[in-house]
Amino acid sequence: MIEQHTIAGRYRLEERIGEGGMAVVYSGTDALLRRRIAIKVLRDQYAADQEFVRRFYQEAESVGRLSHPNVVNTYDVGHEDSIYYIVMEFVDGCSLAEIINSEGRLPEPVAIDYAAQVCQGLAYAHRQGLLHRDIKPANILVGKDDVVKLSDFGIARAFSEQTMAMTRPGLVMGSVYYLSPEQAQSRELTPASDLYSVGIVLYQMLLGELPYTADSPVAVAIKHIGDPVPIVPADSGVSPALAAIVNKLLQKEPGHRFAAASDLASALREARERPNVAAFATSDDAPPTLRSPLPPRRSPLPDRRNIDLPRRNAMARSNPALLPLFIVLAIVAAVAGFAIFGQFGGNLGGRIAIADFRNMSVAQAQAAIVADGLQVRFLQSPSNHSPADRVIRQNPPPGSLVQKNSLVELIVSNGLPLVGLPDVRGFLAGDAERSLTEQGFHVRIERRFDAAAKESVVAQRPAPGARARAHSLVLLVVSEGPQPIEVPNLVGLDISAAQKLVARLGLTLDIVQQSPIPGVAAGTIASQDLVPGQSIAQRATMHVVVSTGAGNAGPPVTLPNLVGIGADAARAQLAGLGLLVTLSYSVDPAASGTVLAEQPNASSSVSPGSSIALTVAVPGEVPDTEGMTVEQARTTLEDAGYHIGSIRYTTSEGANGDVVHTEPLVGTTLSPGANVTLVVNGKS
């Protein structure tokens, strides 16, 4: 276990994300460049083998020359103590193998797009003199932006200099299900070998299954060499144009396939534009000697071809390319003979027809298989259609004849497929909820006070990029805006104490008037505009009147009747009488902007400097401030009974630093005293 290990003082290994025959791949972080990376580490059992180490560095040197959008980039290679590593680009997504396992057949446009991108990466590598040699879904990575990248040129070599014949004996190269015929026969490879593997992958994407399967790798390799070239069924729903391309890719002879990856990419584009026009005739160039029918059974022994040794030798001399095949066949025959006569002592036993276990529960299928005298292995796969714990597929398929005690693989649904969660942080709550719901998730919203704009998403669980089951629950944490502050009572405090208190609360103090007020010491706050105990936003401004001492206050003042006149005119009258004003608001759209009540009442006698409380009618909805300056918008909002809660800046809308809009939007019903967010053009 080397997770959380740091290599070369900068590459931090975090989580195992893949493994191959020679190495294990970890996700990690480059601490120097502060970027996500993937690190391939040579397995311990091979690190002491100089031949493996040489091959490991040869891989890095080969792929280090490649720089293409459809090829995983290599950044660094080295070793520390007994750890040999390659640092590569981290692809945030999943492999094509995971997509096929999850979705089965892919839509034709998607399959064409993925195959075309693979071709672009291969065309570039081939121009650099490199073959991939191991094209398979597990080595094709699909990013969240649907950009496809070829990974693991683990057995790539300069095909102008070396061939598969130079491969170390006993070292398994490539994956047998995607192996080209010439690769299976240890013949010299060309770019057409990679294109054959692309054809197998394309077939699997379109049909959800492999063209060649068997009980052993050797048997699969033999099918690649001699079985008929696969033909996409006419009733499969695959277009004639694309079916013809697949058939051409899977021809046995390299010369019968496409000449280059760029030619294949052009053919794929043409198939996308003209799906009903097959540009290539369906053909089959498999060797006929490998497909001749078996003679009628003449004995209880297994079928075998009636070819004597001299004839075999003559065939081998006439076609040297078949010699490796005869060697493989001889090995298979020897293994089969041992299994039949050595292991079972000559008792051939009866063959069993495999039942159809699909749609059974795991318990039902296991009981049925044991009753049939077979062994079982369960594999899990997500499914959009089958409930969890139900068999989706089986291998071998129903009706296949097998020996007793043979192994049957059952693919069992483990529920709905995993889906990558989008990042909705920063979205408005409604937009985020709608986006996630459209992708099949259920959403629950929790709210909390936060410095972010009100109604914006500040966190989500599971985290962005995590893979969650379709229809599962996603929690969104939504901002209620900055936590409101309770208005303090500043009346009676001296200026210094009041300034310290409002600073500690995150408020601003504004002295709007200094007057001689009887009974109030100089330098003391005599009145304030905000009612103590009400809630206001952080960074709000409190307006106060400060006494300059008793002075010559003058005679008492008789209050005029202010009800029904405009708020601005009422404030002007009171200021002219040496009186202070405290405002409160009440929703009355018909009388908006006028005084509804005054306290003390009209005709009352009050001392100069006294505070008069006016109740002003407001519409009860957010006013239009678009195009105003911030100060103009502040005045407009305060006249409507609102405070600016926060200001959020944007460069994608508006101009000249003016207000773009408010949150809530103009016309929204909102109680007086509430906070409103301004969205303003510019940078904070």
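Are there any pairs, at least 6 apart or on different chains, whose C-beta atoms fall under 7 Å, with the first in the stretch 481-499 and farther than 13 Å from I536 by Cβ and not assigned by TED's automatic domain parsing to the domain that holds R447 and the second of a type outside the set (S, T, N, Q) and assigned to a loop (DSSP other than H, G, I, E, B), and if so, which?
Listed by first residue and then by second, the contacts come to N489/P532; D494/G523; I495/G523; A498/L490.
Look through E598, E638 and report the one residue that is without any contact (Cβ under 8 Å) to a residue 12 or more places away in the chain and within 30 Å of V520 (Cα to Cα).
That would be E638, the only listed residue that is without any contact (Cβ under 8 Å) to a residue 12 or more places away in the chain and within 30 Å of V520 (Cα to Cα).
Can you go through V474, V502 and tell me which one is in the same structural domain as R434 (by TED's automatic domain parsing) and crowded, with 19+ Cβ neighbours inside 10 Å?
Result: V474 is the single residue among V474, V502 that is in the same structural domain as R434 (by TED's automatic domain parsing) and crowded, with 19+ Cβ neighbours inside 10 Å.
Here is a list: V491, V477. Which entry is outside any strand (DSSP E or B) and of a type in the set (A, V, I, L, M, F, W, C)?
Criteria check complete, one pass: V491.
Looking at the stretch 577-599 only, could you name the residues that are closer than 23 Å to I517 by Cβ, part of a loop (DSSP other than H, G, I, E, B) and in contact with a strand residue (DSSP E or B) (Cβ under 6 Å, 6 or more places away or on another chain)?
Once the filter is applied, which keeps residues that are closer than 23 Å to I517 by Cβ, part of a loop (DSSP other than H, G, I, E, B) and in contact with a strand residue (DSSP E or B) (Cβ under 6 Å, 6 or more places away or on another chain), the stretch 577-599 yields L577, L579.
Report the residue count in the stretch 237-289 for those that are in a loop (DSSP other than H, G, I, E, B), at pLDDT below 95 and under 20 Å from G208 (Cβ atoms).
Looking only at that region, the number is 4.
A31 fails exactly one of the following numbered conditions: (1) of a type outside the set (S, T, N, Q); (2) loosely packed, with under 15 Cβ neighbours inside 10 Å; (3) within 18 Å of the chain's Cα centre (by Cα). What is the number of that condition?
(3)
Restricted to the stretch 172-186, and to residues that are in a loop (DSSP other than H, G, I, E, B) and not aliphatic (A, V, I, L, M), which residue is modelled with the highest pLDDT?
Of everything passing the filter in the stretch 172-186, S180 is modelled with the highest pLDDT.
Restricting the first residue to the stretch 459-479 and requiring it to be under 25 Å from S383 (Cβ atoms), which pairs with a second residue that is exposed (fewer than 13 other Cβ atoms within 10 Å of the Cβ) and basic (K, R) meet a Cβ separation below 8 Å and a spacing of at least six or different chains?
Sorted first by the residue in the stretch 459-479, then by its partner, the pairs are L473/R444; V474/R444.
Can you name the residue in the stretch 16-37 that is in a loop (DSSP other than H, G, I, E, B) and touching a residue at least 40 places away in the same chain (Cβ under 8 Å) and is also nearest to C94 (Cα to Cα) among such residues?
Among those that are in a loop (DSSP other than H, G, I, E, B) and touching a residue at least 40 places away in the same chain (Cβ under 8 Å), it is G20.
Can you name the condition, by its number, that A526 falls short on among (1) under 25 Å from A451 (Cβ atoms); (2) not in a helix (DSSP H, G or I)?
Single failed check for A526: (1).
Quick one: count up the residues across the stretch 187-217 that are of a type in the set (V, I, T), assigned to a loop (DSSP other than H, G, I, E, B) and surrounded by 17 or more Cβ atoms within 10 Å (Cβ to Cβ).
1
I99: crowded, with 22+ Cβ neighbours inside 10 Å, within 30 Å of S413 (Cβ to Cβ), out of contact with any strand residue (DSSP E or B) (no Cβ under 6 Å at 6 or more places or on another chain) and at pLDDT 90 or above, yes or no?
no
With respect to the numbered conditions (1) out of contact with any Asp or Glu (no Cβ under 6 Å at 6 or more places or on another chain); (2) under 30 Å from L374 (Cα atoms); (3) at pLDDT 85 or above, which one is the sole condition not fulfilled by N414?
Here N414 clears every test but (3).
Filter the stretch 612-629 down to the residues that are in a loop (DSSP other than H, G, I, E, B) and of a type outside the set (V, I, T) and list them by number.
P619, G620, P623, D624, E626, G627, M628
Given the structure, is L428 of a type in the set (A, V, I, L, M) and modelled with pLDDT under 85?
The answer is no for L428.
List, please: which pairs have Cβ atoms under 8 Å, are six or more places apart or on different chains, and start with a residue in the stretch 100-128 that is at negative phi and of a type in the set (K, R) and end with one that is in a helix (DSSP H, G or I) and buried (at least 19 other Cβ atoms within 10 Å of the Cβ)?
That search, which allows pairs on different chains as well, returns R105/M205; R105/L206; R105/L207.
Looking only at the stretch 77-111, which residues are more than 21 Å from the chain's Cα centre (by Cα) and farther than 14 Å from V25 by Cα?
G78, H79, E80, D81, S82, E108, listed by residue number.
Need the failing condition index for I411 against (1) outside any strand (DSSP E or B); (2) touching a residue at least 12 places away in the same chain (Cβ under 8 Å); (3) among the β-branched types (V, I, T), just the number.
In the conditions (1) outside any strand (DSSP E or B); (2) touching a residue at least 12 places away in the same chain (Cβ under 8 Å); (3) among the β-branched types (V, I, T), I411 misses (1) alone.
Would you mind telling me which numbered condition in (1) crowded, with 21+ Cβ neighbours inside 10 Å; (2) in contact with a strand residue (DSSP E or B) (Cβ under 6 Å, 6 or more places away or on another chain); (3) not hydroxyl-bearing (S, T, Y) I135 fails?
(2)
Kindly check whether there is at least one residue in the stretch 554-576 that is free of Cβ contacts under 8 Å to residues at least 40 places away in the same chain, in a loop (DSSP other than H, G, I, E, B) and under 17 Å from Q528 (Cα atoms).
Among the residues of the stretch 554-576, not one is free of Cβ contacts under 8 Å to residues at least 40 places away in the same chain, in a loop (DSSP other than H, G, I, E, B) and under 17 Å from Q528 (Cα atoms), which makes the answer no.
Which residue out of G576, G549, G609, G519 is crowded, with 17+ Cβ neighbours inside 10 Å, of a type in the set (G, A, S) and more than 30 Å from A452 (Cβ to Cβ)?
Just a single option satisfies the conditions, and that option is G609.
Could you please find all residues in the stretch 58-89 being among the hydroxyl-bearing types (S, T, Y) and either modelled with pLDDT of 80 or more or surrounded by fewer than 16 Cβ atoms within 10 Å (Cβ to Cβ) (or both)?
Within the stretch 58-89, S67, T74, Y75, S82, Y84, Y85 qualify.
Quickly run through the stretch 224-251 and pick out the residues that are surrounded by fewer than 22 Cβ atoms within 10 Å (Cβ to Cβ), touching a residue at least 60 places away in the same chain (Cβ under 8 Å) and over 20 Å from V110 (Cβ atoms).
Residues satisfying the conditions are G226, D227, P228.
The values are calculated or read from the model by the stated rules, or taken from the named source; none is laboratory data. The structure displayed is predicted, hence computed values, not measured ones. Methodologically, a virtual Cβ is constructed for each residue, glycine included, from the backbone with ideal geometry; neighbour enumeration extends over all protein chains shown.
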